[in-house]
Amino acid sequence: MALKMVKGSIDRMFDKNLQDLVRGIRNHKEDEAKYISQCIDEIKQELKQDNIAVKANAVCKLTYLQMLGYDISWAAFNIIEVMSASKFTFKRIGYLAASQCFHEGTDVIMLTTNQIRKDLSSPSQYDTGVALTGLSCFVTPDLARDLANDIMTLMSHTKPYIRKKAVLIMYKVFLKYPESLRPAFPRLKEKLEDPDPGVQSAAVNVICELARRNPKNYLSLAPLFFKLMTSSTNNWVLIKIIKLFGALTPLEPRLGKKLIEPLTNLIHRFSVSVLISLSSGMPNHSASIQVCPLKYLGLLAMSKILRTHPKSVQAHKDLVLQCLDDKDESIRLRALDLLYGMVSKKNLVEIVKKLMSHVDKAEGTTYRDELLTKIIDICSQCNYQHITNFQWYISVLVELTRLEGTRHGHLIAAQMLDVAIRVKAIRKFAVSQMSALLDSAHLVASSTQRNGICEVLYAAAWICGEFSEHLQEPHQTLEAMLRPKVTTLPGHIQAVYVQNVVKLYASILQQKEQAAEPEAAQEVTQLMVDRLPQFVQSADLEVQERASCILQLVKHIQKLQAKDVPVAEEVSALFAGELNPVAPKAQKKVPVPEGLDLDAWINEPPSDSESEDEKPKAIFHDEEQRQAKQRQPEADEEELARRREARKQEQANNPFYIKSSPSPQKRYQDVPGVEHIPVVQIDLSVPLKVPGMPMSDQYVKLEEERRHRQRLERDKKRKKKKDKDKKGKPRRHGSLHTESDDDLAPAQQVDIVTEEMPENALPTRGSPCSPSPHVLQVPVSTLCDPPTLPPEAVRLCTSVTGTPEPLVWGQANPDLALQTYDIQGSLQKDSQVTVSVVLENQSSSFLKNMELNVLDSLNTKLARPEGSSVHDGVPVPFQLPPGISNEAQFVFTIQSIVMAQKLKGTLSFIAKNDEGSTHEKLDFKLHFSCTSYLVTTPCYSDAFAKLLESGDLSMSSIKVDGISMSFQNLLAKICFHHHFSVVERVDSCASMYSRSIQGHHVCLLVKKGEKSVSVDGKCSDSTLLSNLLEEMKATLAKC
Amino acid sequence: MQFMLLFSRQGKLRLQKWYVPLSDKEKKKITRELVQTVLARKPKMCSFLEWRDLKIVYKRYASLYFCCAIEDQDNELITLEIIHRYVELLDKYFGSVCELDIIFNFEKAYFILDEFLLGGEVQETSKKNVLKAIEQADLLQEGGAEAEGERESLKQTPY
């Protein structure tokens, strides 16, 4: 025996070990294949020996060769032999080889089951560990099934080292053998609170991966993860948890709000940890790798939350601004994205200032371009909703033109044009800026590679030409536009130059003739005649054509001038009238003339074989859409309703949006309102102040001057009533003043011209009822549409949380709480209201098969799915795990709305817990107040007066004493709780209006005395009015 | 994570770890394709690329490329971090690791990887714990190496 051992050892002396093999391969670069086949022969010999050490060495070498691409599947059996060696050294190699070359197709894998089971229960934790590691690579469904129990036992092993591995490998087992998930899950959940951080993170890993596949089932774990997120200090774990929440938030909207706080904390903490990781990081490795993804992820998550809960994110503006200073570009870009959603009137200037300073610092044009587009995006979003001072915006734009090498010149140009056209008050300022720009055109367009930015000259030229009456020194601008240098500009810009030179010329002519300076006028004409030929020679056809046409015109004028004929009038007539922007949708609004069938074929329809590809793309697309619209009106309607909903929300927040028609048209066609289009005076309630804004020195100076002038003006306000240039025009009273700005008048009155619509445009459906600012809008995206809700219904929340007891819910059963609800009326369906109910499961059982049923009255009926009887309930479209809440909506049809109603109802459900499941019921009462049938509808005072005059309204009044609340708040309360909108307010008197879903007009006159309030109401239905007033009395009594 | 590959600038595979069972043929095909794709990329190019329905995250350390394949929803940055952590572990274990260390002790490199990742998921985030486990296992192996020690001494003993 000893001899045999010695003999084996001697043999081995001549064997190659792994190092020798590697060295050998490196030494035989030319005939590697030959060398290796020789080695494989040797290995085959070695494998035939009894000595396990020799075999292990051979297997080790084989593993290396396998990596080089050689087939070693023939040695599978030998590998199993080595795996079953008792010594750890060999076992380790065996398992390594197995994990490298075994796969599901390996037939001998079945033989390993028992060996692995033996190793799993080995007393040595490393034997077990190595078996688990190996198994993770080659686990098959069979192995998973056979070993699942053993691994599950290991999950409660005493050693964390084993627990950790066992937990992780369970994921692989679940994938291969899903049946094992159910019995293993409780234990897995337990591991989330394991004392060892490694095991904990392994459990988090596994559950996160599982949840990603099917998030719904893991919603109940959210509180646990939330706790982990706030308590864990392990970044790796945190990332996984954030990822998990990413999967859960879409399912449970309220999670978003909860998440914001810990996420901000994470970003805070991270700024410290990045410093640490940077300073402790290994210097040999590039710093970029040190960028921990946490911050990035945090920002990403915030941007997702922003979509649903903008308010909560806005609070963290400073933090996000800080992220702009980050070294990592991807983090900066993320932060930029976030900023877009965070701006408001108050912080816009500050944010843009910050961005501008980054533009200056930014290296690399891509990032700078990104910044530029973001600045413009941010400022122009929602129809310039956030801009309070357009002078400031113009100067920002002008400043942006100084950027070198940007590709977004056309963007800036488009903005300049848009602002100048639509904001009338800014034109003077814009024109002065643009003429300065034209003057320094050589700077902007000095080198051809900066061609991107010269696009702004296009805008500058057009603005100066179109609004030439505002120019201080038109002559100078004219010369600037006629410089020879201009011919180096791109053709389309030259064309605009040529066209606008004439406009400018026309206005100069007019000026000179009025001033009776015919010589000066002739001089200008001569200048034109001298300079225009340079454009006539242009290579660009457009420029050439315009220039030669205009040259002839000017020559003709010259002749007339020589005869002392006044020409200015006629020349100006060329450009009389104003150009208004056309709304992109204008075409759609033009009604199709009667008798025109767009779907009818003009010619015989082409045969099927004719490929549609032959048609130009755009036309094909267009046609397709139109056909789709006609053929599937329902789907399209739905889409339209969705879009309209989104737009409505946007418009509600947009002071500049001009509501097309404020009055209802369905029943009372004569109610005016349409004539208010298209210009609306907007009185900005936010002062136009620029606190310490060194945006452009010029601008700041201007602003200071303005203030100074105002101060002077105040001193001698009697002397001079009106400032010449409209600046400093005192604001209309009535709007809210904010503290320090009382003495600061806005820089300009802003009129925003709406984009032009065709005269016979059809009013947008649903537009008559634009929600007043008092109405809180529940984000519709979070609500699930009940199947019975008509797609075109425009839903307006007519009441929200806090409504004084419109519903009474039974609360006898502590299992289920019905928290908030609202009743929504819709103007489109005059006899339907939608009741939203939030159901919260406060028990520890799982609630399912929920059904809501109501005892219908003659007047009010629950809308049930088709085919069901009046005794059937309406199923709630979700189930509730413990601690979870969700919102359900139910539609009721109502005959008469003049009376308040109470309905009795029952919510039945099955509560399931460990003991089993029980069938439960919850009784409640549903209270439909008259208020809930009202829809906030704005009304103009003239329409209101007409209504009152018409005389077909009945009258009633109430008086409530002992009211201490301010009138302002009182009105807000009425608006909020009873869905009215204020029509007019004079001192302590206000008229208010609202409309029921069935079209009743309700007009109120609210008067406040010393300690009392009297409300006089007029309504087309006297019962409705008296009921409404009773409800209002109850509200007011609480004030 | 689906798999991890280590290969040299010359395209020689140095280490491969597959967390999905594939046949040798498929593995070879994927490896060849990926090595070509990654090596063709310029140094300034992004470390992430989309390949088939997977995302490839790679990073070059000296002459060695570390390349991981992850699924669509996985995070690229954390994968980079995983690669870096693995390099740190190798560095700690070998003491300023170089390509040769991995060639000659490739089984050790595997053992370290196995302690760090399991089934494609991060198993242990603490560097200390990973190295401790490896050391302990190596100590156990010393037991085995004693036999080798005997062999050495046998070799020297004249008979």
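Any residue in segment A:208-219 that's under 13 Å from residue A:174 (Cβ atoms): show its pairings with residues that are surrounded by fewer than 16 Cβ atoms within 10 Å (Cβ to Cβ) at Cβ separation under 7 Å, as long as the two are six or more apart or on different chains. Note: pairs meeting the criteria are A:212/B:73. The listed residues are B:57, B:97, B:20, and the only one of them that is out of contact with any helix residue (DSSP H, G or I) (no Cβ under 7 Å at 6 or more places or on another chain) and among the β-branched types (Val, Ile, Thr) turns out to be B:20.
Of the residues B:10, B:16, B:73, the single one that is within 12 Å of another protein chain (Cβ to nearest Cβ), part of a strand (DSSP E or B), surrounded by fewer than 21 Cβ atoms within 10 Å (Cβ to Cβ) and not basic (Lys, Arg) is B:16.
Being of a type in the set (Val, Ile, Thr) and either surrounded by fewer than 22 Cβ atoms within 10 Å (Cβ to Cβ) or part of a helix (DSSP H, G or I) (or both) is the filter here, so list the residues in segment A:350-387 that pass it. Those that are of a type in the set (Val, Ile, Thr) and either surrounded by fewer than 22 Cβ atoms within 10 Å (Cβ to Cβ) or part of a helix (DSSP H, G or I) (or both): A:351, A:352, A:359, A:365, A:366, A:373, A:375, A:376, A:378. Considering only segment A:944-969, how many residues are surrounded by fewer than 20 Cβ atoms within 10 Å (Cβ to Cβ) and in a helix (DSSP H, G or I)? Summing the residues that are surrounded by fewer than 20 Cβ atoms within 10 Å (Cβ to Cβ) and in a helix (DSSP H, G or I) in segment A:944-969 gives 9.
Look at (1) more than 13 Å from chain B (Cβ to nearest Cβ); (2) buried (at least 16 other Cβ atoms within 10 Å of the Cβ); (3) at pLDDT 80 or above; (4) within 21 Å of residue A:839 (Cα to Cα) and you find that residue A:217 fails only one, number (2).
Across segment B:34-54, a minimum of one residue is classified as within 12 Å of another protein chain (Cβ to nearest Cβ) and at pLDDT 90 or above.
The set of residues in segment A:118-129 being more than 13 Å from chain B (Cβ to nearest Cβ) and charged (D, E, K, R) consists of A:118, A:119. Looking across segment B:112-139, just one residue is under 13 Å from the mean Cα position of the chain (by Cα), at the interface with chain A (Cβ under 7 Å from one of its Cβ atoms) and either surrounded by fewer than 22 Cβ atoms within 10 Å (Cβ to Cβ) or more than 15 Å from residue B:16 (Cβ to Cβ) (or both), and that is B:118. Restricting attention to segment B:92-111, the residues being more than 7 Å from chain A (Cβ to nearest Cβ) and among the acidic types (Asp, Glu) number 2. All told, residue A:170 meets the bar of being crowded, with 24+ Cβ neighbours inside 10 Å and in a helix (DSSP H, G or I).
For segment A:83-99, filtering for residues that are closer than 25 Å to residue B:3 by Cα and more than 10 Å from every other protein chain (Cβ to nearest Cβ) leaves 3.
Within segment A:835-869, restricting attention to residues that are at pLDDT 80 or above, part of a strand (DSSP E or B) and polar (S, T, N, Q), which residue is surrounded by the fewest Cβ atoms within 10 Å (Cβ to Cβ)? Here the residue is A:849. Regarding segment A:138-158, can at least one residue be identified that is touching a Lys or Arg at 6+ places or on another chain (Cβ under 7 Å), within 8 Å of chain B (Cβ to nearest Cβ) and assigned to a helix (DSSP H, G or I)? So far as segment A:138-158 goes, no, none of its residues is touching a Lys or Arg at 6+ places or on another chain (Cβ under 7 Å), within 8 Å of chain B (Cβ to nearest Cβ) and assigned to a helix (DSSP H, G or I). A count restricted to segment A:175-201 and to residues that are buried (at least 16 other Cβ atoms within 10 Å of the Cβ) and either part of a loop (DSSP other than H, G, I, E, B) or within 11 Å of chain B (Cβ to nearest Cβ) (or both) stands at 10.
Taking the criterion of being within 14 Å of chain B (Cβ to nearest Cβ) and of a type in the set (D, E, K, R), the residues of segment A:100-117 that qualify are A:104, A:107. Exactly one residue out of B:54, B:34, B:15 is touching a residue at least 24 places away in the same chain (Cβ under 8 Å), under 28 Å from residue A:25 (Cβ atoms) and more than 15 Å from the chain's Cα centre (by Cα): that is B:34.
The values are calculated or read from the model by the stated rules, or taken from the named source; none is laboratory data. None of these values were measured; they are calculated from a predicted model. Counting neighbours? That spans all protein chains shown, and the Cβs are built from the backbone with ideal geometry, glycine included.
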